[in-house]
Amino acid sequence: LFTVFNMLQRRSVLTQTNLRVKRQRYRSVLDDFNRLTPQAIHAVTERISRGDYTTTNNDDESRVLRVMKEIQAVNASVQGSSSGRLQMRRDIHALTMHLGMPSLFITINPADIYNPVVKLLAGAPIDVDNMLPEERPTYLEQSALVARNPFVAARFFHLYMNSFIK
């Protein structure tokens, strides 16, 4: 399931990411972009991964940094991306400005690792109502169960949220 989600998210990134450039800088950025070399891009990304965002060794690497500074990747419609989260945050701020501050704000985090209902949803023959504390599944058992069957965790989340809302 995680592999399928990863594949769907990668496809979404490939099909829904756009590049944005200011109109007055378009021609110069396009010229710089067309002259980028894979070696310069690789050298700059290696340097950036080490935390150095400014050092360049030649004009090609300077061009890469210039293009990175001018181009903005827009992938707000990709679920789970940093731009997607930023877009949701902007939407929340806009709603707050339009409707005012919420009078109640709740964050719910159902811990599937600690709840025996997850084991019940997985098909284990347990009596949740009459369970003794020593009969509760351990953290390790629950973690393994959720890792092997993420669908059970999703079902638990759905059941938990519906119960909370009702």
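The values are calculated or read from the model by the stated rules, or taken from the named source; none is laboratory data. Small disclaimer: the values here were computed from a predicted structure and weren't measured. Cβ: placed from backbone, ideal geometry, glycine included. Neighbour counts: every protein chain shown. Surface accessibility is based on the protein's heavy atoms, side chains included, excluding ligands, DNA and RNA. Shrake-Rupley method; radii C 1.70, N 1.55, O 1.52, S 1.80 Å.
Just one of (1) of a type in the set (A, V, I, L, M, F, W, C); (2) in contact with a Leu (Cβ under 7 Å, 6 or more places away or on another chain); (3) free of Cβ contacts under 8 Å to residues at least 60 places away in the same chain; (4) within 30 Å of Val13 (Cβ to Cβ) fails for Phe151. It is (3). Pairing each residue of the range 47-63 that is closer than 18 Å to Val29 by Cα with any residue that is hydrophobic (A, V, I, L, M, F, W, C) and assigned to a loop (DSSP other than H, G, I, E, B), provided the two are 6+ apart or on different chains, yields C-beta distances under 7 Å for Arg63/Leu36.
Just one of the listed residues (Val13, Val21, Val29) is under 18 Å from Glu70 (Cβ atoms) and out of contact with any strand residue (DSSP E or B) (no Cβ under 8 Å at 6 or more places or on another chain), namely Val29. Of the helices (runs of 4 or more DSSP H) contained entirely in the range 14-130, those carrying at least 3 residues that are open to solvent by 100 Å² or more (accessible area, probe 1.4 Å), closer than 30 Å to Leu159 by Cα and basic (Lys, Arg) fall at 82-99. When the residues of the range 131-143 are filtered to those that are open to solvent by less than 100 Å² (accessible area, probe 1.4 Å) and in a helix (DSSP H, G or I), the one that is nearest to Val117 (Cα to Cα) is Gln142.
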